[in-house]
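As structure tokens, the structure follows; a few thoughts come after it.
Any read-out appearing in this document is the output of simple, stated calculations on the displayed coordinates, not a laboratory observation. Because the structure is predicted, anything quoted here is derived from the model rather than measured. Quick reminder, even Gly has a Cβ in these numbers, built from the backbone with ideal geometry, and neighbours come from all protein chains shown.
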Amino acid sequence: MALILQIETSTTSCSVALAENGNVLSVKEMNERNIHASHITLFIGEVLKCSGRTMSDLDAVAVSKGPGSYTGLRIGVSAAKGLCYALDIPLVAVSTLQAMAAGLIGRFSEQEVLLCPMIDARRMEVYTAIFDQHLTEISPVEAKIIDPESFSNVLASNTVVFFGDGAEKCQDILGTSNHAVFVTDFFNSAIHFSGIAFEKYNAQQFEDIAYFEPYYLKDFLVAKPKSKLS
């Protein structure tokens, strides 16, 4: 038996779920910018209360590790690490992009497609990867600037489903291919990685709580303020 608290804060979505043996018991989430810090602990308390469980019942905490929003990832991972340290339970980290693919795979179970989750970065850049319907990584995680030639080799012989908060801005460029499919109603959720987290828990694929850091993919850039003229 494994009762796992799951935290997803890598994008605009702030999502917390409680799952037992990979089956979701409760979820609390909101897709809105800049609410993670103020809502994450409230959501944790609510999913536990809704399921009639307490912190002491938890066997592990799973967190979406990135890539994604620098601030969002730090909030989610900090909350997860704090709980694991205080409760002396293991930390499970799940690839955000793989979790996204897991969350969409059911919609295309009757079709032969590749899944391309996209997380919005700057301008025409996205964090992305390509997965098959077994969640095997076909194209590695990367920060990719989208142009008319992007994914041309894959699209030549495969139907590719593009989704996530970075996909919409790419539709005009990539949508010219007959093999490109866009899903516009997808948002990240902690329920998406229930199966992955449970598998990792059973395999004891745990992180070092003291040293684990989110997978930012790119360095966080801080704009320098312009010097004021005296």
Lysine pairs in segment 72-230 with alpha-carbon atoms under 24 Å apart, 8 or more places apart or on different chains: how many are there? 6
Could you work out how far apart the two model spin labels at Arg33 and Ile138 are, taking each label as a point 7 Å from the Cα in the direction of the beta carbon, and quote it in nm? 3.3
Amide H contacts under 5 Å for Ser26, placed H, 5+ residues apart: Leu18
Rounded to the nearest 5, what % of DSSP beta bridges with both residues in the chain are antiparallel? 60
At 222 nm, what helix-only mean residue ellipticity would the chain give, in deg cm²/dmol to the nearest 500, using -39500 (n - 2.57) for each DSSP H run of four or more? -7500 deg cm²/dmol
Binned Cα-Cα distances of segment 97-182, short to long, each 10 Å bin given as a whole percent: 19, 58, 22, 0
FRET efficiency for Ala156 and Val183 from the Cβ-Cβ distance with R0 = 30 Å, rounded to 0.05, comes out at 0.90
Where does the chain land on Rg(C-alpha)/(2.2 N^0.38 Å)? 1.05
When DSSP assigns beta bridges and you keep just the ones with both residues in segment 97-182, what percent turn out antiparallel, to the nearest 5? 60
Phe162, Phe212, Phe43 arranged by Cβ crowding within 10 Å, fewest neighbours leading: Phe212, Phe43, Phe162
Segment Phe108-Asp88, length gained on full extension (0.36 nm per residue, minus Cα span): 3.3 nm
Considering Cα pairs under 8 angstrom that are at least six residues apart, work out the relative contact order of the chain and quote it in whole percent. 23
